[in-house]
1. With the crude spin-label approximation of a point 7 Å out along Cα→Cβ, what separation in nm comes out for GLN101 versus ASP67?
2. Could you give the C-alpha radius of gyration of the range 135-200 expressed as a fraction of 2.2 N^0.38 Å, taking N as the number of residues it contains?
3. Counting helices only, and only those DSSP H runs with n ≥ 4, report the 222 nm mean residue ellipticity of the chain as the sum of -39,500 (n - 2.57) divided by its residues, in deg cm²/dmol to the nearest 500.
4. In debye, nearest 20: dipole of the chain around its Cα centre with unit charges on the Cβ of K, R (+) and D, E (-)?
5. Taking only the alpha carbons of the range 1-122, what extent do you get along each of the three principal axes, in Å, biggest first?
6. Where the Cα atoms of the chain are projected onto their three principal axes, how long is each span, largest first, in whole Å?
7. For the range 108-162, what is one quarter of the convex hull surface built on the Cα atoms, given in nm²?
8. Where in the range 28-66 does the amide nitrogen come within less than 15 Å of the point 7 Å from the Cα of LYS18, taken along Cα to Cβ?
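Taken together, the values in this text are just the output of simple stated rules run on the coordinates, not laboratory data. Since this is a predicted model, take the numbers as computed values, not measurements. Cβ coordinates were reconstructed from backbone atoms using ideal geometry, including for glycine residues, and neighbour counts include every protein chain displayed.
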Amino acid sequence: MSEVVIRFDKVFKAFGDKKIYEDLDLEVRRGEVLTVIGGSGMGKSVMLKMLIRLLSCDAGSITAFGDEVTQMQGKDLLNLRRRVAMLFQGAALFDSLSVSQNIRYPLVEHNWGTTADQMKRVDEVLEMVGMPGINDLRPSELSGGMKKRVGLARSIAVQPEVILYDEPTTGLDPLNVRRINGLILRLKEQLGVTSVVVTHDMDSCFTVTDRLAFLYDRKMSFVGTLDEARAAEFPALQEFIQGGRGVLSDADVARLGEEGVNA
């Protein structure tokens, strides 16, 4: 069993009277793709934001690489956000900056190399996401799929160990869905990156996932492999999977994965 790099332990979170998590327990293992599924508005993105302290939990423990996250500040928090990067649902690019400037932003923030090193890194990550030569374009000139890929390029620029994906394929056409899925797989296979993917897209889930976590009743009510998910006697999970068109044969999963990697 791989090393546990992230752990949520009995986490409680509420916004006013609305309880999001009452007893959240979850472990993320090094090098895996863990996909988190569940209904809309149940707090999947909240979990990602608590991990990098964009939101605070109300009780419980969150650890990353063995260090307690819930009280992190200053340099410790900055270092955490270098090691754990997040691709936001809308890519969160700065409209006033060029593609190159957007990707350089975290490099500058983390004092990553010289200016020349940073410019070289921008070219490297744009090549990795299949978008070389667009350095001078503005976000307004990019399609939705291109913005996601630039957002991913920015996320991997500082060479993180973990990437958090918040609905990475939402609103994308099938070609760009395959591209994003392929990039998730490629980063895992080539760089050993650990990934936590929040998604409603069950076809994507069954393409990239090593393990699946199902958010239900304010906690992770199921965590296991895809085969275990298929076999689980858990009506809510089965309804969610089948409603999301995620009941794929092994041949379908292999085909989608191959298309994604080669897109």
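1. Going from the GLN101 label point to the ASP67 one covers 3.1 nm.
2. Values: Rg = 11.9 Å, N = 66, 2.2 N^0.38 = 10.8 Å.
Output field value: 1.10.
3. Numbers: 10 runs with 109 residues, N = 263.
Result for the chain, helices only: -12500 deg cm²/dmol.
4. Numbers: 32 positive and 37 negative charges, 136 e Å.
Computed about the Cα centre, the dipole is about 660 debye.
5. Principal axes ranked by extent give 47, 33, 28 Å for the Cα atoms.
6. If we take the Cα atoms of the chain, the spans are 55, 45, 36 Å.
7. Working: hull surface 16.5 nm².
Taking a quarter of the hull surface, the average projection is 4.1 nm².
8. 39-47
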